[in-house]
Amino acid sequence: VQLQAFGRGLVQAGGSLRLSCATSGRTFSRYVMGWFRQGPGKEREFVAAISQNSGSTYYLDSVKGRFTISRDNAKNTVYLEMNSLKAEDTAVYYCAIARSWAIEVDVREYNYWGRGTLVTVSS
């Protein structure tokens, strides 16, 4: 299984950025997909997740209303649209495939990870 995240960048506070994550080697549509991030000196934390058919999504409280997770099963790709970015959103962002069929927020419940893409928000 391979996951490759795209969309790294440097943006000003208040700006927007869209991350995408393409997968291969698995039946993408069968799995819950998640986005996580790891800021400088911090542990990796859950950001958002989306169910197999996009019927359910779940977000970290601090990104609700600003970030949107979506997926295109035909393209084996999951997206993270980030708006109204803040300096505290600066982190390496990772996409991941969940172990189970349910949406999970625990990093241990994801068993395949992309390499991460750096997002830097300047204040």
Computed label-point distance, nm, for sites LYS86 and TRP101 using a 7 Å Cα→Cβ extension: 3.7 nm
When the stretch 58-109 is reduced to its Cα atoms, the Kirkwood hydrodynamic radius in Å: 12.7 Å
Carbon and sulfur %, accessible surface of the chain computed with the full protein complex present, 1.4 Å: 45 percent
Binned Cα-Cα distances of the chain, short to long, each 10 Å bin given as a whole percent: 15, 51, 30, 5, 0
Nitroxide proxy distance, nm - points 7 Å out along Cα→Cβ at LEU118 and ASN53: 4.1 nm
TYR31, TYR112, reordered so the largest accessible area comes first (probe 1.4 Å): TYR112, TYR31
FRET E, pair ASN73, SER16, Förster distance 35 Å, beta-carbon r, rounded to 0.05: 0.90
Residue among LEU17, PRO40, SER62 farthest towards the positive dipole end of the chain, charges placed on Cβ: LEU17
Highest to lowest packing among 6-19, 76-89, scored as the average C-beta count within 10 Å: 76-89, 6-19
Heavy-atom accessible area per residue - the stretch 26-123, 1.4 Å, Å²: 50 Å²
Test item: Cα-centred dipole of the chain, Lys/Arg +1 and Asp/Glu -1 on Cβ, debye: 300 debye
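The values are calculated or read from the model by the stated rules, or taken from the named source; none is laboratory data. Since the model is a prediction, treat every value here as computed from it, not as a measurement. Glycine also receives a Cβ, built like all others from the backbone with ideal geometry; neighbour counts cover every protein chain displayed. Each accessible area value is taken on the protein alone, full model and side chains, heavy atoms only, with ligands, DNA and RNA left out. Shrake-Rupley method; radii C 1.70, N 1.55, O 1.52, S 1.80 Å.
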